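Working notes, structure below.
The values are calculated or read from the model by the stated rules, or taken from the named source; none is laboratory data. Computed from a predicted structure; not experimentally measured. Don't worry about glycine lacking a Cβ; one is built from the backbone with ideal geometry, like all the others, and counts go over all protein chains shown. Side chains are part of the model used for accessible areas, which takes the heavy atoms of the whole protein and leaves out ligands, DNA and RNA. Shrake-Rupley method; radii C 1.70, N 1.55, O 1.52, S 1.80 Å.
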Amino acid sequence: MCVCKLFVFLCLSVIISLGLHVPPSPPLSSAVQMVERGTALLKKMEINVAEAEKRTGKNTMNMQETYTVYLIETRWVMNNKGGTPATPDCLWRRYSEFELLRTYLLVTYPYIVVPPLPEKRAEFVWHKLSADNLDPDFVERRRVGLENFLLRVASHPVLSNDKIFFLFLTEILLNINTDCLIVDPPFVLLFRRFTDLKHYSDELSTVIAQLLRVRARVADRLYGVYKVHGNYGRIFSEWSAIEREMGDGLQSAGHHMDTYAASIDDILEEEEHYADQLKEYLFYADALRSVCKKHDLTQYESEMAAQDLASKKQQKEELATGTVRVFSLKGMTSKLFGQESQEQRESRLAALEQSIQEGEELLKDKNTECQEFVRTAWEDIERFKEQKDRDVREALISYAIMQISMCKKGIQVWSNAKECFNKM
């Protein structure tokens, strides 16, 4: 784990050193002061992923590849009493660099529900939309998702104060204390609520995935229903050519049908936006599972430390009483070649006593660390739950409003067609 943290840190340093930084940044001392104040970075800095750009270059295998880079713009909002907008800082980042940043955050803050990135490849999309990673619509949706990721991290009470995250945004060369990157992770005791959380994350992932699949199927059928209204438009137009008195009414009704059929493209594009909001929480479920996996691992290692201490205490008791409870090679050796001398026994007892004391201190420290892990992790999980309830509620309400608006447009189209028929 220590090696992994150090590797991630080194990779981030290399990537940041290769980034394209356009305008000059604020002075280093003032920037560090802003980061270290302990409040969310988003209150002091505006963050945008302004645009995406397709580029061609050679990868690590010296092979030509086409990829997309995203322009991050940051603008300080502090100390700007004159009212003149601050000049934004700009730099380009690839999606893989965002992945590396999130991996660093996962390793460094195992007790935090780290916000997810948008999907790397198109999934759960309505089949009429392109699944090509370089498709402009997909790139635009990913740009919005990457900006949302940065805003989530920048508004988090803990993650927003991470200096590597600040470096990722601004490319300012801060004096990073690398000691914080190689601290052994804390260990967690087994609590029922973490087991429940793991089950909840699995169920949340399943429910949202099913919802997205149903939405994709409904969108596909809705597209067919709307487009088939174009046939009404064609038929009414052809019919109007052979009618004198009814011709104008039929022609107008056909025009309304054509407009109705064409409106589905904009409707489904808007609907895809709400689907992306749900996808974010599909990926958040993976973040919850990461916290639970960390819990399982540390719980196992903590139990191993407790078992090791119990084994040493048993060895001390057996050595002190001269009885062996279970079969051991040492016991057979003693029977074959005789018992240890008093000095040897006392020396071993003293060594075991020292080892037991160290084991007890170690277990005590781990239990304290575990309790702190549970406390901090659960605080962040509670924060996540409030955020999730608010975001999902707003997304579903907006989706329902969009559906109501769509139905009203359909009613209006047929009401207009009715008026055309009445005038014939």
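Laid out as a table, the results:
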| item | result |
| --- | --- |
| Extension gain (nm, one decimal) between Gln344 and Lys418, 0.36 nm per residue minus Cα-Cα | 16.0 nm |
| Trp92 accessible area, assembled protein chains, probe 1.4 Å, Å² | 30 Å² |
| Efficiency of FRET between Asn231 and Leu134 - r from beta-carbon atoms, R0 35 angstrom, step 0.05 | 0.55 |
| Residue-wise HN-Hα coupling along region 99-115, computed from phi with Karplus coefficients 6.51, -1.76, 1.60 (Hz; x: Gly, Pro) | 4, 5, 4, 5, 4, 4, 5, 5, 6, 7, 10, x, 8, 10, 7, 6, x |
| Whole-Å distance, taken between Cα centres, linking region 205-243 and region 100-122 | 38 Å |
| Accessible surface ranking that places the most exposed of Lys385, Lys293 first, with a 1.4 angstrom probe | Lys293, Lys385 |
| Heavy atoms of Val228 accessible to a 1.4 Å probe, total area in Å² rounded to 10 | 70 Å² |
| Rounded accessible area of Leu222 (nearest 10 Å², 1.4 Å probe) | 40 Å² |
| Residue pairs, from the table Lys198/Lys366; Lys44/Lys294; Lys120/Lys388; Lys43/Lys385, whose Cα atoms sit over 30 Å apart | Lys44/Lys294 |
| Debye intensity ratio I(q)/I(0), log10, region 206-319, q values 0.17, 0.19, 0.24 Å⁻¹ (C-alpha model) | -0.90, -0.98, -1.17 |
| Heavy-atom accessible area order for His256, His229, largest first, 1.4 Å probe | His256, His229 |
| Accessible surface ranking that places the most exposed of Ser201, Ser290 first, with a 1.4 angstrom probe | Ser290, Ser201 |
